[in-house]
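The values are calculated or read from the model by the stated rules, or taken from the named source; none is laboratory data. Just so it is clear, the model here is predicted, and its values are computed rather than measured. No Cβ is skipped: glycine too gets one built from the backbone with ideal geometry, and neighbour counts run over all protein chains shown.
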Amino acid sequence: MCILAKYKDYPEAILKGRVLPVSSNQKLNSYLKELAEICDIKKNLTMHMARHTFATSITLSNGVPIETVSKMLGHTSLKVTQIYARVLENKISDDMSLLKDRLGW
């Protein structure tokens with residue numbers, strides 16, 4: 001709640017009808033590059049990589065339905081989200097274990 005209160009009267013957010021200010025991909029990529037240097041990360045971090053990681057490692061691999069992830073990413077088609085949704089091996093194993101438990105095997 002403190003973050004929302006901090007940006008409540010932020011001119012850019014008010015002007016664009018947003019709750020929080022939104023930076024451009026170019027600016028966010030610049031921040032990610034700076035963070036990578038500080039943390040001695042050798043990869044070229046990008047917003048695209050961050051979205052992909054969010055979709056796969058954080059949401060889908062923790063059981064969030066692909067339809068929900070699609071909405072969160074702002075995709076108009078589920079097919080677009082499926083590009084992000086490479087199924088991880090441990091996710092297959094977890095899903096099969098759940099099925100096994102439900103079927104009483």
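Screening D94 against (1) exposed (fewer than 13 other Cβ atoms within 10 Å of the Cβ); (2) over 20 Å from the mean Cα position of the chain (by Cα) leaves a single unmet condition, (1). Within region 11-54, the set of residues being more than 26 Å from M1 (Cα to Cα) and not in a helix (DSSP H, G or I) comprises C39, D40, I41, K42, K43, N44, L45, T46. Output yes when any residue across region 64-71 is more than 18 Å from the chain's Cα centre (by Cα) and of a type in the set (A, V, I, L, M, F, W, C), and no when none is. No; the residues of region 64-71 include none that is more than 18 Å from the chain's Cα centre (by Cα) and of a type in the set (A, V, I, L, M, F, W, C).
Here is a yes/no grid of residues against (1) over 9 Å from the mean Cα position of the chain (by Cα); (2) of a type in the set (K, R); (3) at pLDDT below 90; (4) closer than 30 Å to L98 by Cβ:
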position: D40; (1), (2), (3), (4): yes, no, no, no
position: L45; (1), (2), (3), (4): yes, no, no, no
position: S61; (1), (2), (3), (4): yes, no, yes, yes
position: H75; (1), (2), (3), (4): yes, no, no, yes
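Does T53 meet the test of being modelled with pLDDT of 90 or more and of a type outside the set (F, W, Y)? Judged against the criteria, T53 is not a match. For K79, the requirement of being over 24 Å from S23 (Cα atoms) and either in contact with a Leu (Cβ under 7 Å, 6 or more places away or on another chain) or free of Cβ contacts under 8 Å to residues at least 40 places away in the same chain (or both) is met. A Cβ distance below 9 Å, combined with a sequence gap of six or more or placement on separate chains, defines the contacts here; from region 1-29, residues that are closer than 16 Å to T46 by Cβ reach residues that are in a loop (DSSP other than H, G, I, E, B) and not hydrophobic (A, V, I, L, M, F, W, C) in the pairs N25/T46; L28/T46; N29/N44; N29/T46.
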